[in-house]
1. Above 22 Å lies some portion of the pair distances; for the chain, what is it as a whole percent of all C-alpha pairs?
2. Which length gain, in nm to one decimal place, applies between Ala70 and Phe37 when the Cα-Cα distance is subtracted from 0.36 nm times their residue separation?
3. Which length gain, in nm to one decimal place, applies between Val61 and Thr117 when the Cα-Cα distance is subtracted from 0.36 nm times their residue separation?
4. What is the spin-label model distance, in nm, from Val47 to Asp99 if the labels are put 7 Å beyond Cα along the C-beta direction?
5. Using the Cα centre of the chain as the reference point, and only Cβ charges (+1 on K/R, -1 on D/E), how large is the resulting charge dipole? Debye, rounded to the nearest 20.
6. Which one of Pro13, Leu126, His79 has its Cα pushed farthest toward the positive end of the charge dipole of the chain, where Lys and Arg give +1 and Asp and Glu give -1 at the Cβ?
7. Summing Lys, Arg as +1 and Asp, Glu as -1, what charge do residues with Cβ under 15 Å from the Cβ of Ile75 carry, Ile75 excluded?
8. Could you work out the local net charge near Gly58, counting Lys and Arg as +1, Asp and Glu as -1, over the other residues with Cβ closer than 13 Å to its Cβ?
Amino acid sequence: PPKSVAGLRLSRPVDERWPITQPWGADPAYTGNWEHFHYGIDYGCPVGTPILAAADGGVVVSLENAQDGAWGQYIEVEHVEGYRTGYAHLSRRLLEVGDSIAQGHVLALSGNTGRTTGPHLHCQLLQGGQRIDPTPYMLF
């Protein structure tokens, strides 16, 4: 059975046909001059792919140009016990701050905004403002 930590259970934010292209954690393929740690999960998907809320919640952040432009269009949803999921590199945000969303419903369309190497969704989990490994919370 799937693990659940503190009652939070995250569903997949994109359709099953779109693969994880970079998981949470250190990137063994990175050969740059600094340590690279990936604080989220990337899903390879074309621009315009529906992005689904990973859990029930309310939109607390909806930005055109987040993280000094690095994340491009971005939405953050607050869930139970203060957990938040963030969705970056969107082409279109369909919700604004204050909107409610149910798990599995469309909140945005994927894109290639911000600093990217190609179209994809970057999805992250936050607790107390810190990005944490979403893997123990995932239903898949």
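Throughout, read-outs are computed from the coordinates displayed, never taken from laboratory work. Just so we're clear, the structure is a prediction, and the values are computed from it rather than from any experiment. Note that each Cβ is placed from the backbone with ideal geometry, even for glycine, and that neighbours are counted across all protein chains shown.
1. Tail fraction, whole percent: 32.
2. The span from Ala70 to Phe37 would gain 10.3 nm if fully extended.
3. Answer, rounded to one decimal: 17.7 nm.
4. Modelled inter-label distance: 2.0 nm.
5. Using only the charged Cβ atoms, the result is roughly 220 debye.
6. Most positive-ward Cα: Pro13.
7. Details: positive: Arg84, Arg92, Arg93; negative: Asp56, Glu64, Glu76, Glu78, Glu96, Asp99.
Neighbourhood net charge equals -3.
8. Summing Lys/Arg as +1 and Asp/Glu as -1 gives -4.
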